[in-house]
Amino acid sequence: MLDKSHFIKLTIGVYKVSELFSKREPLKFLLRKKADEVLASLVAAQFNPPDRALEQVIKQIAVLGAYLQIAESQNWVKPENFWLLKTEYQAIEKEVKQMLVVAGQANSQPKPEMIQPSKPKMAKIKTIPDFSGLKDRHKKIIQVLRQKASAQIRDFNKVLPEVTKRTLRRDLDFLLQKGLVTRFGDKSKTEYKIKM
């Protein structure tokens, strides 16, 4: 089953970011319309033959991604505001493609029981996090945490070998203050997780 509440929150995120555009900017309305269409197709995939609705989602996300790219290039809003939206829609696209592969394999086999696509495993969005003031290092740290369930300083040091452990700890403290990551464990066993 697809998580409708996650997609609704993501659509609200598009509305919040586009609210920062000028009042009569056509791209504001195009972004919102396309986000609504993606949401509608994802919900429709639960009730209709999923292949068609899911293929529609992939096309709509491609158009939405192009709109986000155009909006980002206009410098109306800080690029960090677009980063989460693009990342989440890319995650949805990846999951939808996997679901189509599973559905295709089920259709190619002699008609056993219908295989249900697996539930997408995506980060839940409670609110749009504050991405202002993030450096490239911070974004790389968040990417590492998106790929792993949790990570330690040594994991970040592999991705950013030129950065000292002390600087990485300061970066992680900054991300903790922003509410983007959480810390657990003690001393040498300290680990970090993404908080979204």
**Request:** For a label point 7 Å from the Cα of Lys139 along Cα→C-beta, name the residues of region 63-104 whose backbone N is under 16 Å from it.
**Result:** 68-90
**Request:** Please arrange Tyr15, Tyr67, Tyr89 by counting, for each residue, the other beta carbons lying within 10 Å of its beta carbon, fewest first.
**Result:** Tyr15, Tyr67, Tyr89
**Request:** State, as an integer percentage, the relative contact order of region 4-108 based on alpha-carbon contacts under 8 Å between residues 6 or more apart.
**Result:** 29
**Prompt:** Cα-Cα over 32 Å: which of Lys34/Lys158; Lys4/Lys148; Lys94/Lys193; Lys9/Lys165?
**Reply:** Lys34/Lys158; Lys9/Lys165
**Request:** Considering Cα pairs under 8 angstrom that are at least six residues apart, work out the relative contact order of region 136-194 and quote it in whole percent.
**Result:** 39
**Approximate spin-label separation Lys78-Lys195, in nm, with each point projected 7 Å along Cα-to-Cβ** = 1.8
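Only the coordinates and a few stated rules stand behind these numbers; no lab work does. Just so we're clear, the structure is a prediction, and the values are computed from it rather than from any experiment. Virtual Cβ from ideal backbone geometry, glycine too; neighbours counted across all protein chains shown.
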